[in-house]
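Before any comments, here is the structure.
Coordinate-derived values only; no laboratory data. Just so we're clear, the structure is a prediction, and the values are computed from it rather than from any experiment. Using ideal geometry, Cβ is built from the backbone for each residue, glycine included, and neighbour counts are taken over all protein chains shown.
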Amino acid sequence: MPGLAGATSIAQNHVRSLHATEARLDPRVQICRLDGNPVAEDLLEGALLHPPAFIINTVLNREGNIAGLFAGELDAAHRRACALASEIYTVSVREKADLVIAANNTALNFIQCHKALFNAYNAMKPGGRIILAAPLPEGLGGTGFRRYLEMGDAEAVAAALRRQPDINGQTALSTLEKAAHATMLTGLEDNDVRLLGSQKAASMKEAIERACKYFDKRGICQPTCYIMPNAGNTVPVQSL
């Protein structure tokens, strides 16, 4: 589940990522969260309907090499693999920052780059700003994703997903929430950047100047800042 599941089961799993009543994703559906995550719990329940004798999971490091191999009972071995992945890919932060400067130079399109935007957003204070540098030579990443963006707002996308779950729509819904806070340094066409709900800058200098003006208007003279040079593979986790 979902690899050997039917289309109906996969769709029902995807729709669990939506908030029950609001036009946004369910905040319980988070990276690095298994317990209390309705998507992860549904996946595990499905897998245990016909549990394998054992599983073999590998975890890759940031260079794409095998960092660990875990075999055994499905849930236990998977959780141990997740623990190692957390050590490799998460970064503990005490406080979120006003400004997050993030880069993803390897993503070919925006759908792949969404992970970088997602991680940068989770490192940003409410009302903050993101500068996202990503060339994206293949554009947005497909007509299915574009179709949801062209609906224009989160309410329309959420309504469409409740009728028919679609991973492209979920990515679009998340993007419409987060990209409005971002200034992008990108090769995307101007119209595509506007579809994302974002804005484009010609240089890092221009993007930083815009951010400084934004914070000045809000009385923030010395905004805090995080720099995420590999934002697609850097998961911020707020420490207590």
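Results, tabulated for the structure shown:
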{"read-out": "Convex hull projection area averaged over all views, the stretch 94-238, Cα basis, nm²", "value": "8.6"}
{"read-out": "Most mobile listed residue (GLY152, GLY219, GLY46) in the chain, GNM with C-alpha springs under 10 Å", "value": "GLY219"}
{"read-out": "Cut-off 14 Å between beta-carbons: net charge of the residues surrounding MET1, Lys and Arg +1, Asp and Glu -1", "value": "-3"}
{"read-out": "Chain lengthening between ILE220 and ARG80 when straightened (0.36 nm per residue, less Cα-Cα)", "value": "46.1 nm"}
{"read-out": "Neighbour-count ranking [beta-carbon atoms within 10 angstrom, fewest first] of LYS205, LYS96", "value": "LYS205, LYS96"}
{"read-out": "More than 19 angstrom apart: percent of Cα pairs within the stretch 7-91", "value": "50"}
{"read-out": "Net charge of neighbours whose Cβ lies under 14 Å from the Cβ of PRO135, counting Lys and Arg as +1 and Asp and Glu as -1", "value": "-2"}
{"read-out": "Sorted by Cβ neighbour density within 10 Å, fewest at the top, the residues THR183, THR143", "value": "THR143, THR183"}
{"read-out": "Integer Hz, Karplus 6.51/-1.76/1.60 couplings in order for the stretch 157-165, x for Gly and Pro", "value": "5, 4, 4, 5, 6, 6, 6, 8, x"}
{"read-out": "Simple label model, 7 Å out from Cα along Cβ direction - ALA20 to LEU60, nm", "value": "3.7"}
{"read-out": "Under 17 Å from the ARG194 label point (7 Å along Cα→beta-carbon), backbone N, the stretch 134-158", "value": "140, 146-147, 149-153"}
{"read-out": "Burial ranking of peptide ranges 153-159, 86-92, 230-236 (average Cβ count within 10 Å, highest at the top)", "value": "230-236, 153-159, 86-92"}
{"read-out": "Mean ellipticity per residue at 222 nm, deg cm²/dmol - from DSSP H runs of n ≥ 4 across the chain, formula -39500 (n - 2.57)", "value": "-12000 deg cm²/dmol"}
